[in-house]
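Structure first, then comments.
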C-alpha cells in the first residue's frame, strides 16, 4: 500500500525505520514512518515502512545505501 505522492524507501523493524528517519530528517528530507504501534518491553520491533515524497526518494535511497555501506569506526575504548 502506498500513499499518493510518496514512495516507500525502507521496510523493516520499527526501530530501524525510526533511526533511518532521523538520519534522513537531519539531511533535510521529509519523512513519515508507518507501522503498527504494538510495543513490547518498551521497544517497538513491529514492521514499519518509511516513506518520503516521490521527488526525494532517490536522495533518500542514496543516503540509506551510504549509511549501510559505511564502515564502523574503530573501537577507541581502552580496557580498564
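The values are calculated or read from the model by the stated rules, or taken from the named source; none is laboratory data. Because the structure is a prediction, the values reported are computed rather than measured. When we count neighbours, we look across all protein chains shown, and the Cβ atoms used for this are built from the backbone with ideal geometry, even at glycine.
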Q | Residue satisfying all of: in region 62-80; closer than 19 Å to residue 9 by Cβ and loosely packed, with under 15 Cβ neighbours inside 10 Å; modelled with the highest pLDDT among these | A | 62
Q. Is there a residue being part of a helix (DSSP H, G or I), crowded, with 17+ Cβ neighbours inside 10 Å, in contact with a strand residue (DSSP E or B) (Cβ under 8 Å, 6 or more places away or on another chain) and at pLDDT below 95 anywhere in region 35-43?
A. no
